[in-house]
Amino acid sequence: MQDSHEFFGELLRLWEANAAENGVADKCPTSKLFEGALVSSLICENEKCGHKSNQTEAFKDISLEIPSGKDVPDELTINDCLAKFTAKESLATVDGAMCEKCKAKTVAKQYQLVTLPPVLVLHLKRFEIGIGKGGSKKGEKESRKIDTPVEAPNTLNLLPFCADEPTRRSVLPSNPYRMSPGVPALRGELDYHAAHYDLHGVIVHKGKLNEGHYISYCRHHRDYRWFLADDHKVTPLASNEVPRKKGYLLFYSKRMW
């Protein structure tokens, strides 16, 4: 079974390679459509230091873990997954992780958004690959499919997951278009319009871990009607028939005001 997330990444790679071979790499729309940027920050949590170093990373999709545990809400949404992705993660137990300034092992890592693409692709990690059934040793995980419902709202506001203005100014080039051609960087004070997205596509995996079938739910960009694409068959359907809690890949388009 071909994984749809891997297929999406390979499709973009081949698209870009073909454009480069034909001398039109600058006209390839993949970066203009899908590319954004994250800032990866290492933060010293020593009160006497507080040093912070930033590094930008380009992305064409974002892979999100599905939260689990006793503190997780009964009904998860994509906002919960994004909150987990952008939360500080302590590196105190990671070998060699220390503050580059004070050398204390009190560093935390954090991802935040600094540039938003016209089309945001979110990948939910619904397949956990382990050693095998039961594992070969105690404590080893077995492979499994995660069917936890995660609500994909019709509208998504990314402001809570974006870096603050000082961080954005420190990591973005003086000409924001140099980083991601055609995609405006998030400079100055962010507002509701700069980070507001609408759901336009949902890919769902039906079946078990090692076998199954992918189907797509697509929203028309003009009349906003939803359609189900299942192999060669395309069927119109009502908005409330879209399984927004079962998504594997989600496609959000920046709202055009």
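The values are calculated or read from the model by the stated rules, or taken from the named source; none is laboratory data. In this text the structure is predicted, and so the values were computed from the model without any measurement. So basically every Cβ, Gly included, is an ideal-geometry build from the backbone, and we count neighbours across all protein chains shown.
Annotations
- Subset of the stretch 216-257 that is among the small types (Gly, Ala, Ser) and assigned to a strand (DSSP E or B) - its residue that is farthest from LEU159 (Cα to Cα): ALA229
- Pairs are defined by a Cβ separation below 8 Å, a sequence spacing of at least 6 or placement on different chains, a first member in the stretch 147-159 that is in contact (Cβ under 8 Å) with a residue 60 or more places away in the chain, and a second member that is in a loop (DSSP other than H, G, I, E, B) and polar (S, T, N, Q); the pairs so defined are THR148/SER68.
- All conditions but one from (1) in a strand (DSSP E or B); (2) closer than 30 Å to ASN154 by Cβ; (3) not aromatic (Phe, Trp, Tyr) apply to LEU82; the one that does not is (1).
- For the stretch 87-121, a residue qualifies if it is at pLDDT 90 or above and of a type in the set (Asp, Glu), and exactly one does: GLU89.
- In the stretch 61-82, the residues that are more than 16 Å from LEU120 (Cβ to Cβ) and either out of contact with any Ser or Thr (no Cβ under 8 Å at 6 or more places or on another chain) or of a type in the set (Gly, Ala, Ser) (or both): GLU65, PRO67, SER68, GLY69, LYS70, ASP71, VAL72, PRO73, ASP74, GLU75, ASP80
- Of everything in the stretch 143-158 that is of a type outside the set (Val, Ile, Thr) and under 19 Å from GLY207 (Cα atoms), the residue that is surrounded by the fewest Cβ atoms within 10 Å (Cβ to Cβ) is ASP147.
- Subset of the stretch 103-121 [farther than 17 Å from VAL39 by Cα and surrounded by 15 or more Cβ atoms within 10 Å (Cβ to Cβ)]: ALA104, LYS105, THR106, PRO118, VAL119, VAL121
- In the stretch 193-205 there is at least one residue that is of a type in the set (Ser, Thr, Tyr) and modelled with pLDDT of 70 or more.
- Counting only residues that are more than 18 Å from VAL121 (Cβ to Cβ), outside any helix (DSSP H, G or I) and in contact with a strand residue (DSSP E or B) (Cβ under 8 Å, 6 or more places away or on another chain), the stretch 191-215 holds 6 of them.
- Single residue of the stretch 3-48 satisfying the filter (part of a loop (DSSP other than H, G, I, E, B) and either hydrophobic (A, V, I, L, M, F, W, C) or free of Cβ contacts under 8 Å to residues at least 12 places away in the same chain (or both)) that is surrounded by the most Cβ atoms within 10 Å (Cβ to Cβ): CYS28
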